[in-house]
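Report on one structure; see the data block that follows.
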Amino acid sequence: MSSNKSASKKIILDGLWGNNPIFRQVLGICSTLAVTNLVINTAVMCAALTLTTALSCFTVSLLRAYTPRRIRMMVQTLIIASYVIMVDLYLKAYWPEMSANLGPYVGLIITNCIIMGRCEAFAVANPPVPSLVDGLFNGLGYSLILLAVSITRELLGMGTILGYPMPYFSTLWDKWIIMVMPPGAFFTLALIIWLCRSIQTTGREKTS
Amino acid sequence: MTGLTGEMTHALVVCFSAIFTGNMVLSYFLGLCPFIGVSREIKTAFGLGTAVVFVLTFTSGINWAAYHYILVPLELDFFRFILFIIIIAAFVQFVEMIIERFSPLLYVNLGIFLPLITVNCAILGVSLFMVIRDYSLIVTVAYGFGSGLGWMLAIVSMAGIRQRLNESRIPYGLQGPGITLIIAGLMALAFIGFSGVLQGR
């Protein structure tokens with residue numbers, strides 16, 4: 001039982017930090033980076049993504065014994081697509097403004113490599129529950145970084161967080177318009193990757 | 001500006017703006033994974049770029065037809081994600097077979113990234129944008145072609161820059177994806193310069 005516990009602890013830590021989807025695997029930043037100009041958009045996208053990753057990994061793992069190897073990619077894509085359609089319809093029905101804001105990017109979760117990557121790397125060879133945990137925490141690790149990007153961008157570019165004006169930043173701060181535009185996303189993400197990787201290497205040197 | 005001439009002009013404008021002002025990678029962040037993963041060498045970047053142009057041009061046309069002649073009459077609009085991805089996957093499989101047959105070297109170089117064209121967001125992205133923006137067939141194909149070309153332009157220039165950077169000393173944490181993203185940011189900045197030229201959507 002204790003080995004089981006330590007295994008899931010390792011999965012969780014790997015997803016969040018050790019093997020973080022963004023700064024270690026550099027996967028799947030496409031569909032979400034575009035909406036990091038506003039924190040609220042990012043939060044919704046990340047929630048949708050985490051949910052889809054977790055559920056897709058779970059389903060792929062459940063069906064892993066019945067899926068012929070040759071067509072597994074297709075099966076995985078269809079599983080992912082079904083969950084994305086649910087998320088998309090849900091958003092359209094209950095939050096039409098958000099759905100319009102996110103535009104095609106909700107649909108693009110399907111092609112987000114992180115989901116496929118986790119399904120291929122973990123879910124096809126592991127039982128459902130660890131796969132669910134793996135998908136969930138990879139999604140969370142991913143969301144963590146992107147939320148950091150979006151908070152930086154919204155704060156420096158518009159002086160607000162979640163639409164609320166921040167003291168100092170909304171008044172005295174000279175707003176960096178570049179942060180709202182695409183280059184800002186690239187720069188912010190690059191700096192965050194740099195920071196995280198440096199912290200990680202120093203940590204490793206210390207332990208070894 | 002009505003009829004075919006108007007349509008052609010629109011197509012041309014959309015095509016150019018997809019290359020420069022609305023570049024897939026640099027302003028919509030689509031297709032970033034291969035953009036970072038396969039941009040180490042100009043030759044491979046060029047090969048993948050060509051494959052993307054090819055796949056994009058054709059799948060956008062096929063998807064347009066499938067959407068307007070199958071999904072819209074049947075009112076199965078929400079089904080488009082699945083249909084598009086199936087069409088793209090089938091088409092990529094086809095291209096993969098051709099490349100394997102005619103250019104084994106390219107096939108070896110691209111390795112796992114060829115199947116990943118299926119999950120290249122740029123390809124699905126073009127099809128989804130075409131639905132949202134309500135393009136006609138000619139405009140859609142022009143948009144697909146332009147987007148592919150713009151993507152290729154971006155990845156080839158990125159590979160060129162990264163080859164130059166091979167010799168330079170980059171801080172450890174910034175090596176690989178970090179520096180690539182910074183270069184991408186600088187390129188995006190440069191491409192913003194085009195935004196006054198064309199405003200076609």
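The values are calculated or read from the model by the stated rules, or taken from the named source; none is laboratory data. As the structure is a computational prediction, the values presented were derived from the model and not from experiment. All Cβ positions, even for glycine, are placed from backbone atoms using ideal geometry, and neighbour counts span all protein chains on display. Keep in mind that these areas ignore ligands, DNA and RNA; they rest on the heavy atoms of the full protein, side chains included. Shrake-Rupley method; radii C 1.70, N 1.55, O 1.52, S 1.80 Å.
A quick yes/no check of all residues on (1) surrounded by 14 or more Cβ atoms within 10 Å (Cβ to Cβ); (2) away from every other protein chain (no Cβ under 13 Å); (3) in contact with a Leu (Cβ under 8 Å, 6 or more places away or on another chain):
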position: B:Ile155; (1), (2), (3): yes, yes, yes
position: B:Gln163; (1), (2), (3): yes, yes, no
position: B:Gly176; (1), (2), (3): yes, no, no
position: B:Leu181; (1), (2), (3): yes, no, yes
position: B:Gly193; (1), (2), (3): no, no, no
position: B:Gly196; (1), (2), (3): no, yes, no
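Conditions (1) open to solvent by less than 50 Å² (accessible area, probe 1.4 Å); (2) modelled with pLDDT under 85, marked per residue:
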{"position": "A:Ala121", "(1), (2)": "no, yes"}
{"position": "A:Val129", "(1), (2)": "no, no"}
{"position": "A:Leu162", "(1), (2)": "no, yes"}
{"position": "A:Gln200", "(1), (2)": "yes, yes"}
Inset, instruction - For residues that are under 23 Å from the mean Cα position of the chain (by Cα) and among the β-branched types (Val, Ile, Thr), scanning just region B:66-93, find the one that is farthest from the other protein chains (Cβ to nearest Cβ). - result: B:Ile87
Inset, instruction - Give region A:35-49 a look and list any residue that's surrounded by fewer than 20 Cβ atoms within 10 Å (Cβ to Cβ) and either within 14 Å of chain B (Cβ to nearest Cβ) or closer than 19 Å to A:Ala123 by Cα (or both), or say none. - result: A:Asn41
Legend entry - Residue tally, condition at positive phi and open to solvent by 10 Å² or more (accessible area, probe 1.4 Å), over region B:2-47: 1
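Of all helices (runs of 4 or more DSSP H) completely enclosed by region B:1-59, which ones contain at least 3 residues that are under 24 Å from A:Cys113 (Cα atoms)?
Answer list for region B:1-59: B:24-28, B:32-37.
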Legend entry - Where A:Leu78 falls short, out of the listed (1) of a type outside the set (Gly, Ala, Ser); (2) farther than 17 Å from A:Leu146 by Cβ; (3) open to solvent by less than 30 Å² (accessible area, probe 1.4 Å): (3)
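Across region A:50-71, which residue is surrounded by the most Cβ atoms within 10 Å (Cβ to Cβ) among those that are of a type in the set (Val, Ile, Thr) and within 14 Å of another protein chain (Cβ to nearest Cβ)? If you could, list the steps in order and put the result at the bottom.
Our first condition is that a residue be of a type in the set (Val, Ile, Thr); within region A:50-71, this holds for A:50, A:52-53, A:59-60, A:67, A:71.
This time we only want the ones that are within 14 Å of another protein chain (Cβ to nearest Cβ), so: A:52-53, A:71.
Numbers: A:Thr52: 26, A:Thr53: 34, A:Ile71: 10.
Only one residue fits best here, namely A:Thr53.
On the basis of being more than 21 Å from B:Phe145 (Cβ to Cβ), touching a Ser or Thr at 6+ places or on another chain (Cβ under 8 Å) and open to solvent by less than 10 Å² (accessible area, probe 1.4 Å), does B:Ser60 make the cut? Walk me through how you get there before you give the answer.
Values: more than 21 Å from B:Phe145 (Cβ to Cβ): no; touching a Ser or Thr at 6+ places or on another chain (Cβ under 8 Å): yes; open to solvent by less than 10 Å² (accessible area, probe 1.4 Å): yes.
No.
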Legend entry - Condition broken by A:Val149, with the remaining ones in (1) within 18 Å of the chain's Cα centre (by Cα); (2) closer than 23 Å to B:Gly125 by Cα; (3) open to solvent by 50 Å² or more (accessible area, probe 1.4 Å) satisfied: (3)
Legend entry - Leading residue by the ranking (modelled with the highest pLDDT) among those in region A:94-108 that are open to solvent by less than 70 Å² (accessible area, probe 1.4 Å) and among the small types (Gly, Ala, Ser): A:Ser99
Legend entry - Pairs where the first residue, in region B:43-64, is free of Cβ contacts under 8 Å to residues at least 12 places away in the same chain and the second is basic (Lys, Arg), C-beta under 9 Å, 6+ apart: none
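For residues that are touching a helix residue (DSSP H, G or I) at 6+ places or on another chain (Cβ under 8 Å) and more than 8 Å from every other protein chain (Cβ to nearest Cβ), tally how many sit in region A:102-117.
Going residue by residue through region A:102-117, those that are touching a helix residue (DSSP H, G or I) at 6+ places or on another chain (Cβ under 8 Å) are A:102-116.
Still in the running and more than 8 Å from every other protein chain (Cβ to nearest Cβ): A:102, A:105-106, A:109, A:114-115.
Matching residues across region A:102-117 total 6.
Please work out if A:Ser8 is over 13 Å from the mean Cα position of the chain (by Cα), in a helix (DSSP H, G or I) and among the hydroxyl-bearing types (Ser, Thr, Tyr).
On the way: over 13 Å from the mean Cα position of the chain (by Cα): yes; in a helix (DSSP H, G or I): yes; among the hydroxyl-bearing types (Ser, Thr, Tyr): yes.
Answer is yes for this residue.
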Inset, instruction - Name the residue, out of B:Val95, B:Val72, that is within 20 Å of A:Gly103 (Cα to Cα) and assigned to a helix (DSSP H, G or I). - result: B:Val72
Legend entry - Of the criteria (1) farther than 19 Å from B:Ile36 by Cβ; (2) within 11 Å of chain B (Cβ to nearest Cβ); (3) small (Gly, Ala, Ser), which one A:Ser198 fails: (1)
Inset, instruction - Of the conditions (1) closer than 27 Å to B:Tyr28 by Cβ; (2) crowded, with 18+ Cβ neighbours inside 10 Å; (3) away from chain B (no Cβ under 11 Å), A:Ile85 clears all except one; give me its number. - result: (3)
Legend entry - Subset tally (residues that are surrounded by fewer than 24 Cβ atoms within 10 Å (Cβ to Cβ) and more than 7 Å from every other protein chain (Cβ to nearest Cβ)) for region A:24-34: 2
Legend entry - Condition broken by A:Thr160, with the remaining ones in (1) free of Cβ contacts under 8 Å to residues at least 12 places away in the same chain; (2) touching a strand residue (DSSP E or B) at 6+ places or on another chain (Cβ under 9 Å) satisfied: (2)
Inset, instruction - Filter region B:17-60 down to residues that are touching a Leu at 6+ places or on another chain (Cβ under 7 Å) and farther than 23 Å from B:Gly185 by Cβ and give me whichever is modelled with the highest pLDDT. - result: B:Val53
